[in-house]
Amino acid sequence: MAKLRKILLIDDDRQQQRLMQEMVKNFGSGPFELEEAKTYEEGLKKLLSGKYAACLLDYHLADRDGLTLLREARIAECVTPAIVFTADDSEEVDIAAMEAGAADYLVKGTLTPRQLERSLRYALKLEDSLAQLRQLALRDELTRLFNRREFQRILAEEWDRSVRFQRPFSLVMVDIDHFKRINDTHGHQTGDEVLRHVASLLAGQVRNVDRVARYGGEEFALMMVETDRKGAIGGMQRLGLLLAETPCVLPVTDLTIEVTLSAGVATSLEDAGSASELVAAADKALYAAKAGGRNRIVTTDGTAYRYTVS
């Protein structure tokens, strides 16, 4: 059964609202559900809620401009596709609607259910394609974790929040031990499987509020929100123990690879004065973990911890 898609209609004309409802009922396929907003303010609030698959927007809303509403929504980073409709069949309005971010522009007097359905389906398909592109821009292709650029953006936001509310968070830089040896011995495809294995374990075990990224090569970054140094050490110890209990198994080649991690921990408010300094501090601790023999956690004060939980 096809998933029900909610469509938001922003229009202050009752007759036009009834007409749109009838058109949606006469669509050749579906299912769609039309919800209404009768004012500029109500429409903007509902549109920004993110609950709708698409929006049908009247060009004129009492003494307000529907395109202004659309621009406000786009400034607020709303990506819901919008179809603008109006009685004005001028090229100027058409261009203005597209420049405001509309997916399509329809003229009321000539509008049919088939035209509306076709426009709506085109807008939804276009948005699906754009959503996939946005995901590709944010995610590492191999592991599906956040990529380095997106992680740095999230880190900057979390740093500002930490400083504002004086609540710590911890950054852990993690490196797969002897990864080059895995590639040289078993090949890069096996190395890719090991990266996916570690990424899946890290992403599957952290809390929903935490963030994990592939920072580069065999290096990962974990942001543990509302977590001090002690909490970050404990969290990494549990992750390291779980990894030791679940080696990377490749059924096709009947190969099992034991994987260990080196980790460096730095905590906001005590280990750095900025987000970039926090990364540098965690990286320095990671280097110390690798130089000290690998398969361990090191904090910014140089203390090393093994993967055991007391």
Practice item. Considering every residue within the range 264-271, establish whether at least one is surrounded by fewer than 21 Cβ atoms within 10 Å (Cβ to Cβ) and either within 23 Å of ASN183 (Cα to Cα) or of a type in the set (A, V, I, L, M, F, W, C) (or both). Key: yes
Review point. Pick from the range 14-45 the residues that are assigned to a loop (DSSP other than H, G, I, E, B) and modelled with pLDDT of 85 or more: which of them is least open to solvent (accessible area, probe 1.4 Å)?
Key: THR39
Point to revise | Test: VAL93 is in a helix (DSSP H, G or I), out of contact with any Gly (no Cβ under 6 Å at 6 or more places or on another chain) and open to solvent by 30 Å² or more (accessible area, probe 1.4 Å) | key: no
Check your understanding: Can you find even one residue in the range 291-309 that is of a type in the set (A, V, I, L, M), free of Cβ contacts under 8 Å to residues at least 24 places away in the same chain and more than 17 Å from LEU195 (Cα to Cα)?
Key -> yes
Exercise for review: Check LEU171, LEU124, LEU201 and return the single one that is open to solvent by less than 40 Å² (accessible area, probe 1.4 Å), over 16 Å from the mean Cα position of the chain (by Cα) and under 30 Å from CYS55 (Cα atoms).
Suggested key: LEU124
Check your understanding: From the residues in the range 291-310 that are more than 21 Å from LEU201 (Cα to Cα) and of a type in the set (Ser, Thr, Tyr), which one is surrounded by the most Cβ atoms within 10 Å (Cβ to Cβ)?
Key -> THR299
Check your understanding: Which ones in the range 228-281 are more than 22 Å from ASP192 (Cα to Cα) and in contact with a Phe, Trp or Tyr (Cβ under 6 Å, 6 or more places away or on another chain)?
Key -> ILE233, GLN237, SER268, ALA275
Practice item. Being under 23 Å from VAL249 (Cα atoms) and of a type in the set (D, E, K, R) is the filter; apply it to the range 217-237 and report the residue that is surrounded by the most Cβ atoms within 10 Å (Cβ to Cβ). Key: GLU218
Exercise for review: Could you list all residues from the range 244-290 that are assigned to a helix (DSSP H, G or I), within 15 Å of LEU201 (Cβ to Cβ) and free of Cβ contacts under 8 Å to residues at least 60 places away in the same chain?
Suggested key: GLU245
Review point. Quick check, is ARG214 in a loop (DSSP other than H, G, I, E, B), of a type outside the set (S, T, N, Q) and open to solvent by 10 Å² or more (accessible area, probe 1.4 Å)?
Key: no
**Study point:** Pick from the range 135-157, criterion aliphatic (A, V, I, L, M), touching a residue at least 60 places away in the same chain (Cβ under 8 Å) and surrounded by 14 or more Cβ atoms within 10 Å (Cβ to Cβ), ranking: nearest to PHE220 (Cα to Cα)
**Key:** LEU145
Review point. Filter the range 101-130 for residues that are of a type in the set (Ser, Thr, Tyr) and assigned to a helix (DSSP H, G or I); which is modelled with the lowest pLDDT?
Key: SER129
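The values are calculated or read from the model by the stated rules, or taken from the named source; none is laboratory data. None of these values were measured; they are calculated from a predicted model. Please note: Cβ atoms are built from the backbone with ideal geometry, for glycine as well, and neighbour counts cover all protein chains shown. Ligands, DNA and RNA are excluded from the accessible area calculation, which covers all protein heavy atoms including side chains. Shrake-Rupley method; radii C 1.70, N 1.55, O 1.52, S 1.80 Å.
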